[in-house]
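Below you'll find the structure, written out as structure tokens, and then a few comments.
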Amino acid sequence: MDSTVRQKSSDVISAALTKRIVQGELKPGDKLRQDHIAKEFGASHVPVREALLHLVGRGLAVALPRQGVRVAPLDPDAVKELKVMRLALEPVALRHSIPRLSEAQIRRAEELQRICDQAENVKTWEAANRGFHLATIAACDMPRLIGEIDDLQLLSARHFLQHGADRWRRREDLEHRAIMTAVRKRDIEGAVMVLQRHISRFG
């Protein structure tokens, strides 16, 4: 199997395991067994190892001596750190993204905003909410920054779904609407101000 196909296979495996971990189907401490994963996905051990290393790099799994790779623990104290890091990075990305957002990218963010508002369950809402925030920074032209924010969003989502999902209620998110109103006007400072207030509510 060539490297391109193997990379695609590892991406598929990583994405599937990421979803299970974030949504709580895989619990903290669960062992991620290479044999079982390879059999499930019909893959060799090489892309499975690559997928597991990717999960470790994103903070969703840990590699322990003589214990293999396990789902990372949920540290309640990490919520504060995640908020601080998001407040530091996401406004920077948004500032650089707003002037460059295309009409198609803005419409995509608005579509995700509507999905959030109309979501019938917390998992649908969470995926759309994360997608919305990533869509608003899609044009910042800083792939490393976007990658870091994506990881922070995943970790934040995992904490929310494990500890805050019972508080979720379907509602129209007025802060999302305010962010998009500012984006449409290319009002960078207005959008950043709302985003900072929005993130501050996390946890």
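The values are calculated or read from the model by the stated rules, or taken from the named source; none is laboratory data. The structure displayed is predicted, hence computed values, not measured ones. Neighbour counts run over all protein chains shown; Cβ positions are idealised from the backbone, glycine included. Note: accessible area is taken over every heavy atom of the protein model, side chains too, but ligands, DNA and RNA are not part of it. Shrake-Rupley method; radii C 1.70, N 1.55, O 1.52, S 1.80 Å.
Here the spin labels are modelled as points 7 Å beyond Cα on the Cα-Cβ line, and at residue 31 and residue 45 they lie 1.5 nm apart. The chymotrypsin sites (Phe, Trp or Tyr not before Pro) of the range 119-201 that DSSP puts in a loop, and whose beta carbon has at most 16 other beta carbons within 10 Å, are 168. As a size descriptor, the averaged projected area of the C-alpha convex hull of the chain was calculated at 12.1 nm².
The largest accessible area among 41, 202 belongs to the first residue in 41, 202, and the rest follow in falling order (1.4 Å probe, all chains).
Residue 111 contributes about 80 Å² of solvent-accessible surface, heavy atoms of the protein only, 1.4 Å probe. For the pair residue 184 and residue 100, the difference between a 0.36 nm per residue extended length and the Cα-Cα distance amounts to 29.1 nm.
Only helices enter the 222 nm calculation for the chain: every DSSP H run of n ≥ 4 contributes -39,500 (n - 2.57), and dividing by all residues gives -22000 deg cm²/dmol, rounded to 500.
In this rough spin-label picture, where each label sits 7 Å from Cα along the Cβ direction, the residue 148-residue 11 distance is 2.4 nm. Considering every alpha-carbon pair of the range 108-166, the percent of pairs per 5 Å bin, from zero through the bin containing the longest distance, is 4, 20, 26, 23, 17, 8, 2, 0. Shown for the range 24-88: the carbon plus sulfur share of the solvent-accessible area, taken with all protein chains present and a 1.4 angstrom probe, equals 55%.
With the convex hull of its Cα atoms as the shape, the range 140-203 has an orientation-averaged projected area of 5.1 nm².
Hey, got a sec? Which trypsin sites (Lys or Arg not before Pro) in the range 59-163 land in a DSSP loop and have at most 13 other Cβ atoms within 10 Å?
66
Using the Cβ-Cβ distance between residue 167 and residue 80 with R0 = 25 Å, the FRET efficiency computed as 1/(1 + (r/R0)^6) comes to roughly 0.85. Computed over every Cα-Cα pair of the range 69-161 and binned at 10 Å starting from 0, the pair-distance distribution P(r) comes out as 16, 42, 34, 8, 0 percent. Axis angle, to the nearest 10 degrees, between helix 3-22 and the longest C-alpha principal axis of the chain: 70 degrees. The value given for the range 1-120 is a Kirkwood hydrodynamic radius of 17.0 Å, derived from the mean inverse Cα-Cα separation.
Compared with the dominant Cα axis of the chain, that is its longest principal axis, helix 45-57 is turned about 40°. Once you reduce the range 148-187 and the range 102-139 to the center of their Cα atoms, the two points are 9 Å from each other. Pairs over the 29 Å Cα-Cα cut-off, from the set 8/31; 39/83; 8/83; 80/185; 8/123; 27/80: 39/83; 8/83; 80/185.
Legend: residues 193, 85, 180, sorted from most to least accessible area (1.4 Å probe; ligands, DNA and RNA excluded), read 193, 85, 180.
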